[in-house]
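Take a look at the following structure, please.
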Amino acid sequence: MARGPVETMNCTIAIGGAAHGGAQSAISLCQRKFEGSLAATGDELGFPYERPPFSKEYLAENKPFEASLFRPEKFRDERDAMMILSTRSMAVHTDRKIILTDGDHEIGHLKLIRAIGAIPCQPPLSGFDLDGIHYVRTRTDVDGMIAMRDADPDTILVGGGYIGWEVTAVLRKPGKIVIMLEALDSVPARTAGEPLSWFYKAEHVSQGEQILLERNIAGAFGKAGKVAGERLPDGTEILAQMVIVGMGVGLALQRSIDLSTEGENGVKDYVPSKNLIESRTEIPPDKRKAATMLKALLT
């Protein structure tokens, strides 16, 4: 498919990803008196924001979205930083030091920070494209839950992790059903020992939540494009008007199409070079390592 006119821009450091890792990388560079230019691409519509409040204060409508922004707009305007929003990086030319985006931008850079972040794990099962199935990742995800909450839906939580529990604690209402389905024999099994696990379980059960352990799912089912519940492997159907998937996250391994080789359309894994810095926020950062990485960018 032929590409349209390409808008070319150049910067000292390009940041692929405008979520937590990308935004914090830009802020840290500015705080360290970085004097070059920055450009960041992000596939969401708005400017970078903190995600933790979204499963608590923002969902409960106790905190406005603007309070979750990393920095006010003035902070960005006072620095030589470009934000290219609603845009996904589609290819990286390591030899020419150029990023191509799906928004027909060509971003030339001297160094690159790849801050691709994480994406929610999605069950490879039928029915998970129905309306009423939600993940807890973006503002759009949570806005969808807020819109449904007024209808007081019965809710199923798939996965017994912390984020899902925070969401169901906000959504819980007297007389409405909230059911957690967890494949393991305790919750949250992956991050808590047995005493803490039993404490959390008892607390949520006391608030009216039903917790079903060692329960796998076979898929979701619905009617007229909207979710109506979850189906278990034995054929049991659990009815709900809203399903929240809280199965953790995985690294958004973004593969790039290398267009620098004429006539080749195959997909290749991106090959890191000395001009690449990885910024990953799903792993607790080592402050000394982060400082070393930023120092490398500034030299």
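Please find the FRET efficiency linking Lys176 to Asp129, where r is the Cβ-Cβ separation and R0 is fixed at 25 Å, and quote it to the nearest 0.05.
0.50
So if R0 is 25 Å, what FRET efficiency would Ala183 and Lys226 give, r being the distance between their Cβ atoms, rounded to the nearest 0.05?
The computed FRET efficiency comes out at 0.50.
By how many nm would the segment from Leu196 to Leu85 lengthen if fully extended, with 0.36 nm per residue of separation less the alpha-carbon distance?
Numbers: separation 111, 0.36 × 111 = 39.96 nm, distance 4.13 nm.
So the extension gain works out to 35.8 nm.
Which residues in the stretch 148-167 have a backbone N closer than 18 Å to a point placed 7 Å from the Cα of Phe65 along the Cα-to-Cβ line?
148-150
Stretch Ala147-Asp95 to full length: gain in nm at 0.36 nm per residue minus the Cα-Cα span?
On the way: separation 52, 0.36 × 52 = 18.72 nm, distance 4.69 nm.
Stretched fully, the Ala147-Asp95 segment lengthens by 14.0 nm.
Also, quick follow-up: Starting from the Cα-Cα distance between Leu110 and Glu203, subtract it from 0.36 nm times their residue separation and give me the gain in nm to one decimal.
Value of the extension gain: 28.2 nm.
OK, next. Counting Lys and Arg as +1 and Asp and Glu as -1, each charge on the Cβ, what is the dipole of the stretch 120-249 about the Cα centre in debye, to the nearest 20?
That gives the stretch 120-249 a dipole magnitude of about 200 debye.
Near the amide H of Cys121, under 5 Å away, which other amide H atoms are found, from residues 5 or more places off or on another chain, if H is placed in the peptide plane?
Met247, Gly248, Val249, Gly250
Return Val167, Val249, Val205 ranked ascending by Cβ neighbour count within 10 Å, so the fewest neighbours appear first. Display every interim value, and only then the final one.
Details: Val167 24, Val249 17, Val205 12.
In increasing order of surrounding Cβ atoms, one gets Val205, Val249, Val167.
If you don't mind, there's one more thing I want to ask. How large is ³J(HN,Hα) for each residue in the stretch 239-249, as worked out from phi by the Karplus curve 6.51 cos²θ - 1.76 cosθ + 1.60 (θ = phi - 60°), to whole Hz, x for Gly and Pro?
7, 6, 9, 9, 10, 10, 9, x, 9, x, 10
Could I ask something else about it? Kindly state, to the nearest 0.05, the FRET efficiency for Lys33 paired with Glu7, given R0 = 45 Å and r defined as their beta-carbon distance.
Numbers: r = 29 Å, r/R0 = 0.65.
According to the calculation, E is roughly 0.95.
With a 10 Å radius around each residue's Cβ, average the other Cβ atoms per peptide and rank 104-117, 175-188, highest first. Intermediate results must be reported in sequence, preceding the final value.
Values: 104-117: 20.6, 175-188: 18.0.
Packing order, densest peptide first, comes out as 104-117, 175-188.
Bear in mind that the values in this text are calculations on the coordinates, not laboratory data. All of these numbers come straight from a predicted model, not from anything done at the bench. Glycine gets a Cβ as well: all are built from the backbone with ideal geometry, and neighbour counts include every protein chain shown.
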